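Just below is one structure, and these are the notes that go with it.
The values are calculated or read from the model by the stated rules, or taken from the named source; none is laboratory data. Just so we're clear, the structure is a prediction, and the values are computed from it rather than from any experiment. With ideal geometry, Cβ positions are generated from the backbone for all residues, glycine too; neighbour counts draw on all protein chains shown.
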Amino acid sequence: MLFRQMFDSVSCTYTYLLSSHSGGEAIIIDPVFNKVDRYLGLLKELDLRLVKTLETHVHADHITGSGALRDKTGCVTVMGKKAEVDTVSMRVDEGDVIEVDGIRLDVLYTPGHTDDSYCFKMPEMVFTGDTLLIRGTGRTDFQHGSSRAGYESIFNKILTLPDETLVYPGHDYKGDTVSTIGEERAFNPRLQVSSADEYAEIMDNLNLPNPKLMDVAVPANLKIGMAQDDPYIENCTLTADTLIGDVDTKKKLFVDLREDGERLQHGIIPGSVHIPYNHLDSYLKPGGLLTILAQKGDQELVLYCAYGERSAMALKAMENAGIKDVCHLGGGLTTWSEAGGELISPP
């Protein structure tokens, strides 16, 4: 496995890059906006294709690089369901699995530092964001944080992992880079407590100043959705209300860009063809399924995803490939469901 831990000295943020092999697909966890060029350079050097960025929570001390990386690479932005951001490509929750080629991350919902904090676990390592730090824990006094929720997340989820599990935090202010579950249980001073009350007494009396960039970073990080004011995208956007009646008439062919897990969890529009967004390029090659469907011309193609971001990016990719006269469902399957559109289980 390729693994890189990168550091932003301004916010003391750790960013992680994961891939199963050179030339493969990659994930970046908690990218920092000011380091985006560095990430792009490293991806090029290692011959990696970025397919997903993950955020452990809405950050208050730096502006995320997820939006910029999406705009430059077409990757999928991933955040937890509790995050109050305007739009991301994909949302995950407790028990979900994030996968790219050869990499699998289990999602843990770990509120406490904020109410939208998540950790991502692999068999021998866990990326803890601000929930658990090396010899510390994330503060719980803003963004709907809760010291008691933090206690539950740390003691009843993270510390139940095997002692040898490597802990990779979202920040460090002393120069440490990695720890283990066993080390933190034994030596983390904030974890030497006997109850949630005792932990809350510590966390509720830290009296820390707010992060310097909080008033800038939080608003910016809540608005990372892809701008869809491109005239081409606007002209190719259809609402759920106008599309619902076309399912039975067969006038349009719906193309589902989501992943298998999303389809199983939320259902599909009847008659949909499944073309996963992460493999769109192969379907757009000469002889590819999407190219063939577009060339047939007997049905108008309507792309859809969860929230309308992947479908908008796919529209542009198809335009660049010379395939036009394609539309997408604005707002994605969320708006379809809200409008009362039929959903069925995938075959």
Examine segment 219-232 for a residue that is under 30 Å from ALA312 (Cα atoms) and acidic (Asp, Glu), and state whether such a residue exists. yes
Could you check, for segment 162-171, whether at least one of its residues is of a type outside the set (Asp, Glu), touching a residue at least 24 places away in the same chain (Cβ under 8 Å) and over 25 Å from LYS52 (Cα atoms)? no
Which one of these does LEU191 not meet: (1) surrounded by 16 or more Cβ atoms within 10 Å (Cβ to Cβ); (2) more than 26 Å from LYS121 (Cβ to Cβ); (3) over 28 Å from the mean Cα position of the chain (by Cα)? (2)
Quick one: is ILE29 at pLDDT 95 or above, more than 16 Å from the chain's Cα centre (by Cα) and buried (at least 21 other Cβ atoms within 10 Å of the Cβ)? no
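So that you can scan it fast, the table gives a plain yes or no per residue for (1) more than 24 Å from ASP230 (Cβ to Cβ); (2) β-branched (Val, Ile, Thr):
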position	(1), (2)
GLY271	yes, no
ASP281	no, no
LEU290	no, no
LEU293	no, no
GLN299	yes, no
LEU315	no, no
GLY322	no, no
CYS327	no, no
THR335	no, yes
Checked ASP197, ASP176 against criteria (at pLDDT 95 or above and outside any loop (DSSP other than H, G, I, E, B)); the one match is ASP197
Restricting to segment 230-277, and then to whatever is part of a strand (DSSP E or B) and of a type in the set (D, E, K, R), can you tell me which residue is nearest to GLU338 (Cα to Cα)? ASP256
Among the listed residues LEU315, LEU293, LEU303, which satisfies the condition of being at pLDDT below 95, surrounded by 14 or more Cβ atoms within 10 Å (Cβ to Cβ) and not assigned by TED's automatic domain parsing to the domain that holds LEU69? LEU293
